[in-house]
Amino acid sequence: MTTADLETEVQELRARLRERETDVERLAQELAETNRGVVALYAELDDRALTLGQLSDAKTRFLSDMSHELRAPLASVINLTRLLLAHSDGPLTSEQEYQVTLIQRSAESLAEMVNDLLDIAKIEARKVELHLESVPVSEIFAGLRGLFRPLATNERVVFLVEDPPEPLVLVTDAQRVAQVLRNFISNALKFTDAGEVRVSARVLGDGRISLDVTDTGIGIAPADQHRIFEDYTQVDGPIQKRVRGTGLGLPLTRKLALLLGGEVQLESHPGEGSRFSLVVPRVHPSEQSA
Ligand code: ADP
């Protein structure tokens, strides 16, 4: 190779290098532009998140104010119907008795809905305080037995609360655990025409405790099993339409279960029955790390 050839080759190489440099510069420029775009998108996302957060706060405040305002007048209605039904102001005709009972039932289910709404608002605003204590499962179960025995009036349905297989003690908020189970039990009684509603406890393989409400009722189709945990969702069906409800109970139980460091599990087969479980750790997570 002559010196001239060599020079030409070096020049070619230099030219190629310059081209590459221009390419790299162009790419760097493009990258900088893309970066600016991404930063702008992030800023927009932040704005949206802020607006959503503000909207959600406004919704929570509204729910909480509204349910507070509704509670007092509803309590008066319920108390008045009790007085009337106790015949403290004189006897009622059978038609009046029937009508006042209807008013009482409607007011009670409205009060239940208002309480659920208030609870949901409180949870969303992170204003629920848990009262953690050591409590035997048998004590929670005894409370439920006492509460539901008089309410389980359908003679074709046996209401059973099993004693736990071993002495189980939880460190948890017993009131909230009972609230979740009350919800499962009243649903189970509503949707079971014949057979049984059974409350029981199991120790799972991972050491968590499963508190189960098992019924032999209408069951829930697989497609509906997730939906019923969403706010205001009820299953469409002739039986479901007949029973009163708000569609707020299960979403609330799911939120409460999360607060308790656990979860709600459901196993159900249409026509055979359902098992709703509150699965919780023996010791609430906030006490485990302490
Ligand atoms: P509500 O009972 O007030 O309508 P829930 O959120 O407690 O609201 O329940 C939502 C729906 O889930 C009910 O309307 C019913 O269709 C279904 N469901 C709940 N529990 C049962 C059950 N044990 N058996 C069959 N269906 C159930």
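Among the numbered conditions (1) touching a residue at least 12 places away in the same chain (Cβ under 8 Å); (2) open to solvent by 100 Å² or more (accessible area, probe 1.4 Å), tell me where residue 46 comes up short.
(1)
Kindly provide the set of residues from segment 36-95 that are farther than 30 Å from residue 127 by Cα, of a type in the set (Asp, Glu) and modelled with pLDDT of 90 or more, ordered by number.
Scanning segment 36-95 gives a single hit, 95.
Among residues belonging to segment 173-213 that are near the ligand (Cβ under 10 Å from one of its atoms) and more than 19 Å from the chain's Cα centre (by Cα), point out the one that is nearest to residue 281 (Cα to Cα). Can you show your working first?
Step one: of segment 173-213, the residues near the ligand (Cβ under 10 Å from one of its atoms) are 183-192, 197, 213.
Those left that are additionally more than 19 Å from the chain's Cα centre (by Cα): 189-192, 197.
On the way: 189: 27, 190: 29, 191: 29, 192: 29, 197: 24 Å.
Restricting to residues being near the ligand (Cβ under 10 Å from one of its atoms) and more than 19 Å from the chain's Cα centre (by Cα), the top hit is 197.
Checking the conditions here, which among 83, 52, 41, 151 is within 16 Å of the ligand (Cβ to nearest atom), farther than 17 Å from residue 176 by Cβ, exposed (fewer than 15 other Cβ atoms within 10 Å of the Cβ) and among the hydrophobic types (A, V, I, L, M, F, W, C)?
Result of the check over 83, 52, 41, 151: 151.
Go through the residues of segment 49-61 one by one and say whether even a single one is touching an Asp or Glu at 6+ places or on another chain (Cβ under 6 Å) and on the phi < 0 side of the Ramachandran plot. Break it down into steps so the answer makes sense when it comes.
Kept after step one, since they are touching an Asp or Glu at 6+ places or on another chain (Cβ under 6 Å), are these residues of segment 49-61: 60.
Right, trim to on the phi < 0 side of the Ramachandran plot and you get 60.
Within segment 49-61 (the criterion being touching an Asp or Glu at 6+ places or on another chain (Cβ under 6 Å) and on the phi < 0 side of the Ramachandran plot), the answer is yes, since at least one residue qualifies.
What about residue 193, is it without any contact (Cβ under 8 Å) to a residue 60 or more places away in the chain and either surrounded by fewer than 18 Cβ atoms within 10 Å (Cβ to Cβ) or in contact with a strand residue (DSSP E or B) (Cβ under 9 Å, 6 or more places away or on another chain) (or both)?
yes
In segment 86-97, how many residues are surrounded by 11 or more Cβ atoms within 10 Å (Cβ to Cβ) and either in a helix (DSSP H, G or I) or among the small types (Gly, Ala, Ser) (or both)?
2
Could you check segment 145-182 and list, in sequence order, the residues that are in a helix (DSSP H, G or I) and either out of contact with any strand residue (DSSP E or B) (no Cβ under 9 Å at 6 or more places or on another chain) or at pLDDT 95 or above (or both)?
146, 147, 174, 175, 176, 177, 178, 179, 180, 181, 182
Mind checking which residues of segment 250-266 are within 11 Å of the ligand (Cβ to nearest atom), open to solvent by 10 Å² or more (accessible area, probe 1.4 Å) and either under 16 Å from residue 122 (Cβ atoms) or of a type in the set (Asp, Glu) (or both)?
254
Considering segment 267-290 alone, what residues qualify as being within 11 Å of the ligand (Cβ to nearest atom) and crowded, with 19+ Cβ neighbours inside 10 Å?
Of everything in segment 267-290, those that are within 11 Å of the ligand (Cβ to nearest atom) and crowded, with 19+ Cβ neighbours inside 10 Å turn out to be 268, 273, 274, 276.
The values are calculated or read from the model by the stated rules, or taken from the named source; none is laboratory data. Bear in mind the structure is a predicted one, so any value in this text is a computation, not a measurement. Cβ atoms come from the backbone with ideal geometry, glycine included; neighbour counts cover every protein chain shown. What goes into the accessible areas is simple: the full protein's heavy atoms, side chains included, and nothing from ligands, DNA or RNA. Shrake-Rupley method; radii C 1.70, N 1.55, O 1.52, S 1.80 Å.
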